[in-house]
Amino acid sequence: MTEPIIQVRDLRREFVIRSPAGRLRRARTVVAAVDGLTFDLADGAAVGYIGANGAGKSTTIKMLTGILVPTAGTVRTCGLDPVRRRRELARQIGVVFGQRSQLWWDLPLAESFRALAAIHRLPDATWPNRRDELVDRLDLGTFLASPVRQLSLGQRIRGEIAAALLHSPRLLILDEPTIGLDVLSKERLRVFLSEQRALHGTTLLLTTHDMDDVQRLTDRILVVDHGRLVYDGTLPGLTARVGAERVMVVDLVEPVPDLGAVDGTRCVAVESDGLRHRLAFTPERTTAGAVLEAVGRRGQVRDLAIEEPDIEDVVRRLYLAQVAADGGSGSRHRS
Amino acid sequence: MGERLRPYQVLVGSRMRSQTAYRRSFVSDLLGSVSIGLMEFAEVYVVFSNVDVLGELDFAAAVLLFALANVGFSVADLLVGHVDNLPVYLRAGTLDAYLLRPLPVLAQLITSDVSLRRLGRVVVSVVLLVVALPLNDIDWTAAKVALLVLTPLTAAAVFAGLFVCASAVQFWLVEGSEFANAFTYGGAYASGYPASIFSLPMRLLFTFVVPATFTAYLPVLVLLDLPGPAGTPQWLGWCAPLAALAVWTVALLGWRAGLRHYTGTGS
C-alpha cells in the first residue's frame with residue numbers, strides 16, 4: 001500500500017510529423033502529445049483520466065503499459081519500468097481498448113479464455129473458477145460459444161473486460177470502455193466494475209468522454225489538455241472550480257417569451273418563440289427541483305430534460321480559467 | 001520444456017480448429033494451394049520440354065531440385081508465411097495486444113496463424129520429391145541420405161528466417177511488402193532453378209545475401225556428384241545449416257530493432 005501503483009514523473013512523449021514541403025523535401029515537425037506529466041496513483045484507487053480527443057490520454061496509457069517508450073521522464077507501473085519489464089508487468093495489469101479488440105475475432109469467447117489462461121500460465125485448478133465468476137457477473141453465458149465477430153458491441157466489450165480480468169490483475173486500465181454503448185449496457189458495466197473493485201481491490205484507471213462514468217466509477221479525476229495535467233482532484237471540486245453548469249431544458253404548454261429571472265440560473269436561450277427555455281445552473285447554487293418550481297409558477301411545464309456538462313466543455317472552461325489566471329500570457333502554447 | 005511451450009500449443013491448436021471449422025472453404029483453399037504448386041512445376045516442365053539440359057541439370061535433376069526447394073519453402077510458408085503481413089497486424093492494433101501479454105511478441109506473431117490451406121503445396125512438393133528420387137542416378141551413401149533428410153529442414157529454416165527478415169523490414173517500410181516479397185518469394189523462385197544459369201552477380205546475391213542456393217541447388221550438386229559452376233566447392237552443399245543460422249541471426253536482430261523502432265515511434 002505504501003508504494004504508488006503508478007508513478008509518473010515529468011513524462012513527455014514527442015511525435016515527429018513529416019509533411020510534404022516542396023517536391024522532395026519534407027517538413028519535420030515535433031509535436032508533444034504528452035508534455036510534462038507528473039502524478040501518482042495509490043494502490044486501490046479509482047481514477048478517471050479525462051480530456052478532449054487528442055489530449056494525450058491514449059499516449060499516456062501506452063507509456064504506462066509498455067507499448068510506447070517515453071521521450072523523457074519516468075514511468076513506474078506496479079513498481080516496474082513498463083518497457084524493460086513488459087512481460088512481467090503484463091501479468092499484473094489488464095488493459096481494454098474500447099475501439100481495438102484484443103480477442104480473437106474468429107474464436108468463441110470460451111476458446112479465447114482458454115488461450116488467455118494458457119498465455120498467462122494460470123493454474124488449471126483455479127482459472128475456471130475465475131472464468132465462471134466473470135461469465136456470471138458479466139452475463140456472458142448466452143454467447144460464450146459464438147465467434148467474437150458475431151457479437152454485438154456491448155457483448156464484445158463485456159468479453160474484452162472479462163478477458164482483461166481473467167488473470168486477476170492488480171491494475172485495470174480501460175480506454176473508453178463505454179464508447180458506443182447504450183444506456184443499459186453502460187449501467188451494467190458500471191455496476192460490474194464497482195463490484196469488482198469492492199471484491200478484489202483492483203485499481204482502476206479509466207479514460208472516458210462520459211461524465212456519468214466519471215461520477216459513478218471514480219473517486220479522483222485527472223484532466224489532461226494538450227498533454228499537460230490541468231486538474232487533479234475530485235469531480236465536485238472540478239465542477240466548483242470551472243462552474244460546470246447543467247442545463248435544464250423546459251418545454252412549456254403556452255409560449256412565454258420571457259420567464260424573467262429565475263433564482264440561481266442563467267438563461268442560455270429561448271427557442272420557438274418562448275415554447276422552449278434553456279436555463280443553466282450549478283448544483284452548488286440551486287437544485288433542479290427549485291428551478292422547476294420557479295418555472296412552474298410562470299408557465300405550465302409540458303416536458304423537461306437536463307443536459308449534463310460534457311468533458312470538452314469542462315476542459316475548455318479549465319483552459320479559459322487558466323489563461324485568465326496567467327493573464328493571457330499564452331504560456332501553454334504548443335510547439 | 002513442455003510447460004514452457006504450452007501457451008503456444010494452445011494458441012496453434014485454436015488456430016487450426018478455427019480454420020477447419022468452415023470445411024468447404026477450407027477444401028477450396030487447399031485445392032487452390034495444390035494448383036499453385038502444380039502451376040509452378042508446370043513452368044519447369046515447359047522449360048525442359050524445350051531443352052534437355054539446363055545449367056548442367058537434366059529434367060530428372062531439375063525436378064529433384066525443384067521438389068527439395070519447394071518442400072522447404074512451402075513448409076516455411078505454412079508455418080510462418082503470415083508474419084510478412086506485419087502492416088496488417090500494426091494497423092489492426094494486434095501488435096499492441098501482443099505487447100500486453102506476457103510472451104515474446106515474435107513468438108506470438110508466429111503462433112498467431114498456421115495456414116493449413118498451404119498444406120496443398122507441401123503435398124505437391126513431397127510427391128514430386130518421391131517421384132524424382134528414383135529418376136535420378138544417385139550413388140547412395142549414408143552421408144547422402146543424411147543430406148537428403150537435412151536439406152528440406154534447413155531450407156524451411158532459411159525461408160522461415162527470410163520471412164521474419166521481411167517482416168522486420170516492414171516496421172520501417174509500412175508499405176514495403178512488395179520489397180520484402182522480392183526476397184522471400186524471389187528467393188524461393190530462384191532456389192528452384194540451377195543457380196548456374198544466373199549471371200554471377202545474381203548468383204552471389206542468391207548465395208550470400210539471400211542464401212537461396214544453399215536450400216536446394218548446392219545440396220543437389222552433392223547428391224548427384226556434379227561439379228557445379230567454377231569456384232563452387234562441393235562442401236558448400238553441406239553449409240545450409242550455417243546459412244540458416246546466419247539468416248536467423250539477422251532476422252532476430254532485425255526483428256528486435258524493428259520492435260524497438262515501433263515502441264519508439266509508436267506509429
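I need the calculated FRET efficiency for the pair B:V123 and A:A21, taking r as the beta carbon distance and R₀ as 60 Å, to the nearest 0.05.
Values: r = 54 Å, r/R0 = 0.91.
Step by step, r from the Cβ atoms, then E = 0.65.
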Separation of the B:D137 and A:D139 label points, Cα + 7 Å toward Cβ, nm = 8.0 nm
note = Along region A:51-63, Karplus-curve 3J(HN,Hα) (6.51, -1.76, 1.60; θ = phi - 60°) to the nearest Hz, with x for Gly and Pro, reads x, 5, 4, x, 7, x, 5, 5, 4, 4, 4, 4, 6
ask   = Roughly how many whole Å is it from the C-alpha centroid of region B:145-187 to that of region A:72-103?
value = 32 Å
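I'd like the antiparallel share, as a percent to the nearest 5, of DSSP beta bridges with both residues in chain A.
Antiparallel bridges: around 70 percent, rounded to the nearest 5.
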task = Work out from phi, with θ = phi - 60° and the Karplus expression 6.51 cos²θ - 1.76 cosθ + 1.60, the ³J(HN,Hα) of each residue of region B:213-227, listed in order in whole Hz, and give x for Gly and Pro.
result = 5, 5, 6, 8, 4, 5, x, 5, 4, 5, 4, 9, 6, 9, x
ask   = For A:V301 and A:V323, what does the FRET efficiency come to when R0 = 60 Å and r is the distance between their Cβ atoms, rounded to the nearest 0.05?
value = 0.95
ask   = Once both labels are modelled 7 Å past Cα along the beta-carbon direction, what's the A:T287-B:V250 spacing in nm?
value = 7.7 nm
ask   = Along the charge dipole of the protein assembly as shown, Cβ charges K/R +1 and D/E -1, which of B:A188, A:L320, A:L165 sits furthest on the positive end?
value = A:L320
Tensor-based shape of chain A (alpha-carbon gyration tensor, a/c under 1.5 rounded, otherwise prolate or oblate) = oblate
Two-decimal ratio, region A:245-308, of alpha-carbon radius of gyration to 2.2 N^0.38 Å = 0.97
inquiry  = Give the lysines reachable from A:K186 as a straight Cα distance under 22 Å; neighbours fewer than 8 places away on the same chain don't count.
reply    = A:K57
ask   = For the Cα atoms of chain B, what angle does the longest principal axis make with the long axis of helix B:142-169, in degrees from 0 to 90, nearest 10?
value = 40 degrees
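Out of the chymotrypsin sites (Phe, Trp or Tyr not before Pro) in region B:131-175, which ones are loop residues according to DSSP with at most 10 other C-beta atoms within 10 Å?
Numbers: sites: B:W140, B:F159, B:F163, B:F171, B:W172; in loops: B:W140, B:F171, B:W172.
Filter output for region B:131-175: B:W140.
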request  = Determine the sum of side-chain charges near A:D258: Lys and Arg each +1, Asp and Glu each -1, restricted to other residues whose C-beta is under 15 angstrom from that of A:D258.
outcome  = +2
inquiry  = Helix-only mean residue ellipticity at 222 nm, chain A, DSSP H runs n ≥ 4 weighted -39,500 (n - 2.57), per residue, nearest 500. What is it?
reply    = -9500 deg cm²/dmol
note = Ranking B:L245, B:I138, B:N70 by how far each Cα lies towards the positive end of the charge dipole of region B:2-265 (+1 on Lys and Arg Cβ, -1 on Asp and Glu Cβ), the top one is B:L245
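FYI, it's all coordinate maths here, none of it is from the lab. Everything numeric here is computed off the predicted structure, so don't read it as measured data. Reconstructed Cβ throughout: ideal geometry from the backbone, glycine too, with neighbour counts over all protein chains shown.
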